[in-house]
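Okay, so here's the structure we're looking at.
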Amino acid sequence: MVLVSACLLGEAVRYDGRSQRSEKVLAALEGKEVVPLCPEVGSGLPIPRPPVDLSGGTGVDVWAGHARALEREARVDRTEDFQRGARLALAATRRFGITVALLKEKSPSCGSQRVYESGTLRPGEGITTALLRAEGVTVLSDEDL
Ligand code: SF4
């Protein structure tokens, strides 16, 4: 069983109201049991919603208290929302005994190799990915396929 970013499966849950459906992801998951999840929508944020960038560091730094998740334009602090969504993802892995997640690259929640920090793409992981990895879940990205 695999936890998967819902947007990769075709669900229109992105901040801009679109999906990020990936035929490559769908093909890789064929025959596998899938738990779709969007941490940001799960946290209660709407669709669409303002885009958010990490600020002051990446997902690991957020959990250490050194970085925040801020709306790109208005600079509204969404850190607690994103952390709530990450905890929801972790709870889903525990509930279903999931040890592997396939998440969307570059997202401030789901990124696993690169994320936007203060408007610049840099190495690092999103808030959900950082929590899942800290708890022993293997996180792969759609770009690993
Ligand atoms: S939070 Fe994750 S699942 Fe939700 S839209 Fe962003 S990348 Fe997709």
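What does the charge dipole of the chain about its Cα centre add up to, to the nearest 20 debye, if the Cβ of each Lys and Arg holds +1 and the Cβ of each Asp and Glu holds -1?
Approximately 140 debye in magnitude.
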Rounded to whole Hz, the Karplus (6.51, -1.76, 1.60) HN-Hα couplings of region 32-37, x for glycine and proline: 9, 7, 10, 10, x, 8
I47 versus D77: modelled label distance in nm, points set 7 Å from Cα along the beta carbon direction: 2.9
Long-range amide H partners of K106 with built H, under 5 Å: G111, S112, Q113, R114
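Which GluC sites (Glu not before Pro) does region 1-77 hold that lie in a coil by DSSP with at most 10 other beta carbons within 10 Å?
Hits after loop and neighbour filter: E30, E33, E73.
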Placed amide H near L140: partners under 5 Å, 5+ positions off or other chain: A101, L102, L103
Proximal aspartates and glutamates to K32, defined as alpha-carbon separation beneath 20 angstrom and excluding residues fewer than eight positions away on the same chain: E11, E23, D142, E143, D144
Paramagnetic reach from A91 in region 126-145 [backbone N under 19 Å; point 7 Å along Cα→Cβ]: 127-137
Inter-probe distance in nm under a simple model that places probes 7 Å from Cα toward Cβ, at L26 and E135: 3.0
Gain upon complete extension [M1, T120; 0.36 nm per residue less C-alpha separation]: 39.5 nm
Estimated D of the chain in µm² per second, where Rh is the Kirkwood radius over Cα pairs and Stokes-Einstein applies at 10 °C, 1.306 mPa s: 108
Environment charge at Q20 (Cβ cut-off 12 Å; Lys +1, Arg +1, Asp -1, Glu -1): 0
The chain: relative contact order in percent, alpha carbon pairs under 8 Å with at least 6 residues between: 25
Helix-only CD estimate at 222 nm, as mean residue ellipticity for the chain, using -39500 (n - 2.57) per DSSP H run (n ≥ 4): -7500 deg cm²/dmol
R0 of 35 Å, Cβ-Cβ distance A64-E143: FRET efficiency to nearest 0.05: 0.85
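A short reminder: the numbers here are calculations on the coordinates, not readings from a lab. Since the structure is predicted, the reported quantities are computational estimates derived from the model, not experimental observations. Don't worry about glycine lacking a Cβ; one is built from the backbone with ideal geometry, like all the others, and counts go over all protein chains shown.
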